[in-house]
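Taking it in order: structure first as structure tokens, then the write-up.
The values are calculated or read from the model by the stated rules, or taken from the named source; none is laboratory data. From a predicted model like this one, the values you see are computed outputs, not experimental measurements. Cβ sites come from the backbone with ideal geometry, for glycine too, and all protein chains shown count toward neighbours. Each accessible area value is taken on the protein alone, full model and side chains, heavy atoms only, with ligands, DNA and RNA left out. Shrake-Rupley method; radii C 1.70, N 1.55, O 1.52, S 1.80 Å.
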Amino acid sequence: MRLVVLGRQGSGKGTQCVLLSRYYAVPHISTGDMLRSAVKAGTPIGLKVREIIGRGALIPDDIVTDMVFNRLMEGDVRNLGFILDGFPRTVAQAEALEQMLGESGLDRAVELDVPSELTIRRLTARRVCSDCGAIYSTHKPPKFNWTCDICGGEVVQRDDDREESIRKRLALYDTETLPVVQWYEKRSLLSRITGTGSQSAVLKRIQKALTGVVP
Ligand code: AMP
């Protein structure tokens, strides 16, 4: 399976990618998670991108594209495929991915469609594990004292989930990433999925859209 999942920040994209990755047993590649790990580890890339992520801006295309390409070359992805979460976010990235994948290309791009008022509410309530990236919210916290149920890490609010960065990130989705959605639509690769409702309802809609596309 070679799948791209698109959607506004707060559309539930990350959660759905985790569920899809478990269901189809395909690696989940989240550029946001990769960049945050680089920041945490203090790698040269991490030092470069830390401030950019904090203010909700986009990382230069060449840095993200190189990072994704290196991941796509790894054995598990070559054997099993991938679910790309957070990439491509610009048309230049989509073109670079198309070139990289060559003829076998992409099976499908899924866009989760959620009204922006709802995404703002979800993002301000979102909390994440600073170690494994598991997603919680103020309405659905971990069982014990903001400690991750899965790995025991500290559950916190992301720096870029504060109001000013959220507005900036949502505006960038409209100017930079909606053209990517249209780009996939033109290539007849796009499935637009209603992203409201329960996690399992959204998952079922995506699985239905993938029927016949993946085994
Ligand atoms: P996310 O977790 O997908 O919301 O990504 C968090 C932040 O990482 C974004 O706001 C960007 O600063 C950066 N980022 C992640 N993926 C990309 C990408 N494909 N292109 C540029 N910046 C990215």
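Observations on the model:
- Filtered residues of the range 157-187 (kept if aliphatic (A, V, I, L, M) and modelled with pLDDT of 95 or more): 178, 180, 181
- The one condition in (1) under 22 Å from residue 35 (Cα atoms); (2) under 20 Å from the mean Cα position of the chain (by Cα) that residue 114 fails to fulfil: (1)
- Subset of the range 32-70 that is among the polar types (S, T, N, Q) and in a helix (DSSP H, G or I) - its residue that is nearest to the ligand (Cβ to nearest atom): 65
- Of the helices (runs of 4 or more DSSP H) lying entirely inside the range 72-191, those carrying at least 3 residues that are open to solvent by 40 Å² or more (accessible area, probe 1.4 Å) and touching a residue at least 12 places away in the same chain (Cβ under 8 Å) are 91-101, 116-125, 163-172.
- Against the list (1) within 9 Å of the ligand (Cβ to nearest atom); (2) part of a helix (DSSP H, G or I); (3) crowded, with 20+ Cβ neighbours inside 10 Å, the condition residue 9 fails is (2).
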